[in-house]
Amino acid sequence: MAAHGSKKVIFAALAGNSLIAITKFAAAAYTGSAAMLSEGIHSLVDTGNQGLLLLGMKRAEKPADDKHPFGYGSEIYFWAFVVAIMIFAVGAGISLYEGIQKILNPHPLESAFVAYAVLGLAMIFEGWAWMVAYKEFKKTKGNRPFLAAVRDSKDPTVFTVLFEDTAAMLGLVIALAGIYGAQTFGILWLDGAASVGIGLILAGTAFVLALETKGLLIGESASPELIASVRQILIAPAAVKGVNEIRTLHLGPNDVLLAASLDFEDALTAGAVEEVIFSLEATIKRSQPLVGRVFLEVQAAQDHMHFGQE
């Protein structure tokens, strides 16, 4: 997914969450609702998270240097993992604490209609931010199921915002139900229970995001489609007897490292092999823009098998 598309998603979420957080905190102070306070914390954490993602994207654009010869593209994976920790430690932790305190010490809500108005506006803003994120995610989703597309995605910025906005929408529904139940039926602890529910949603969201970004941090290969395309390119020249092995690694959402071992015809001169390798590299980079670095090894098939493809 293009970087400008990712930034559009983050800026949309950042603008929405900043306004929503201020409004929710004001409503929480006015009404005394624990659920509304949890929602305010939720939006504040989301706002900070979008800032962290923007920081990660900025740092990932730094050019390669002697200390990091393959660049800084993986920084975005690190900051996405930090976002997951923030959601769990701050968002879920405080929401659970406030909810439990409200359950143990319930008190009546003041002017619940203010909370309803704020939640209604928040749903509109969150819904808009969710649609922006989903449209960008849909561009790469294709016909794959939603969860499969998330697992295959190499751009954590979009699916992180999408998960955050989905959790926010669910949290708003729970907060609305808790406040309504506490006001209508006089069951005051329902407001605190709603806060606990919001905390559990945030904890679950953080867990899923942590799992997805962990895989990216450890290192994931390129898509099977890209690898298959590269294999066809490598095997095309008559000078190439076979492809011993292809290995790929995402250094960032739009930066793939490719290493391949090729078995060439024995009669070729060193100069002829060099020409073929140069042509192959140019063709690969032209057909697959995500591939930024190509390393082609010349090795007889039997020798490659001897070293166990380590």
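Once segment 178-214 is narrowed to residues that are modelled with pLDDT of 90 or more and among the hydroxyl-bearing types (Ser, Thr, Tyr), the residue that is farthest from Arg151 (Cα to Cα) is Tyr180. The residue pairs whose first member lies in segment 46-67 and is under 20 Å from Leu162 (Cα atoms), whose second member is at pLDDT below 90 and basic (Lys, Arg), and whose beta carbons are closer than 8 Å, counting only pairs six or more residues apart or on different chains, are Leu54/Lys7; Met57/Lys7. Of the listed requirements (1) surrounded by 16 or more Cβ atoms within 10 Å (Cβ to Cβ); (2) of a type in the set (Val, Ile, Thr); (3) within 30 Å of Ser111 (Cα to Cα), Val158 misses just one: (3). State which residue is surrounded by the most Cβ atoms within 10 Å (Cβ to Cβ) when the search covers only segment 265-286 and only residues that are closer than 26 Å to Pro69 by Cβ and among the charged types (D, E, K, R). If we take residues in segment 265-286 being closer than 26 Å to Pro69 by Cβ and among the charged types (D, E, K, R), then Glu281 is surrounded by the most Cβ atoms within 10 Å (Cβ to Cβ).
Search segment 103-112 for residues being at pLDDT 85 or above and in a helix (DSSP H, G or I), and hand back the single one that is nearest to the chain's Cα centre (by Cα). That would be Ile103. Of the set (1) surrounded by fewer than 15 Cβ atoms within 10 Å (Cβ to Cβ); (2) in contact with a Gly (Cβ under 8 Å, 6 or more places away or on another chain); (3) at pLDDT below 90; (4) part of a helix (DSSP H, G or I), all apply to Ile124 but (2). Tyr97 falls short of the stated requirement of being farther than 20 Å from Gly192 by Cα and among the aromatic types (Phe, Trp, Tyr). Quick one: is Lys58 under 14 Å from the mean Cα position of the chain (by Cα) and among the basic types (Lys, Arg)? For Lys58, the condition - under 14 Å from the mean Cα position of the chain (by Cα) and among the basic types (Lys, Arg) - is not met. Among the conditions (1) at pLDDT 95 or above; (2) under 30 Å from Arg144 (Cβ atoms); (3) in a helix (DSSP H, G or I), the only one that Glu225 does not satisfy is (1).
Kindly indicate the residue of segment 228-264 that is more than 33 Å from the chain's Cα centre (by Cα) and hydrophobic (A, V, I, L, M, F, W, C) and also surrounded by the most Cβ atoms within 10 Å (Cβ to Cβ) among those meeting that condition.
Step one: of segment 228-264, the residues more than 33 Å from the chain's Cα centre (by Cα) are 235-244, 262-264.
When the remaining residues are screened for being hydrophobic (A, V, I, L, M, F, W, C), the result is 235-236, 238-240, 243, 262, 264.
Working: Ile235: 12, Ala236: 12, Ala238: 7, Ala239: 17, Val240: 21, Val243: 17, Leu262: 26, Phe264: 18.
Looking at the filtered set, the residue picked out is Leu262.
Among Glu212, Glu265, Glu245, Glu281, which is the only one that is assigned by TED's automatic domain parsing to the domain that holds Ile85 and among the charged types (D, E, K, R)? If you could, list the steps in order and put the result at the bottom.
On the way: Glu265 fails: assigned by TED's automatic domain parsing to the domain that holds Ile85; Glu245 fails: assigned by TED's automatic domain parsing to the domain that holds Ile85; Glu281 fails: assigned by TED's automatic domain parsing to the domain that holds Ile85.
Of the residues listed, the single one that is assigned by TED's automatic domain parsing to the domain that holds Ile85 and among the charged types (D, E, K, R) is Glu212.
Take Leu170 and decide whether it is under 10 Å from the mean Cα position of the chain (by Cα) and in a helix (DSSP H, G or I). Walk me through how you get there before you give the answer.
Values: under 10 Å from the mean Cα position of the chain (by Cα): no; in a helix (DSSP H, G or I): yes.
In short, no.
Any idea which of Ile76, Ile41 is closer than 27 Å to Leu258 by Cα, of a type in the set (Val, Ile, Thr) and surrounded by 19 or more Cβ atoms within 10 Å (Cβ to Cβ)? Sole residue among the options that is closer than 27 Å to Leu258 by Cα, of a type in the set (Val, Ile, Thr) and surrounded by 19 or more Cβ atoms within 10 Å (Cβ to Cβ): Ile76. Within segment 113-159, the set of residues being farther than 30 Å from Tyr30 by Cα, among the small types (Gly, Ala, Ser) and over 12 Å from the mean Cα position of the chain (by Cα) comprises Gly142, Ala148.
The values are calculated or read from the model by the stated rules, or taken from the named source; none is laboratory data. What you see is a predicted model; the values in this text were computed from it and never measured. Using ideal geometry, Cβ is built from the backbone for each residue, glycine included, and neighbour counts are taken over all protein chains shown.
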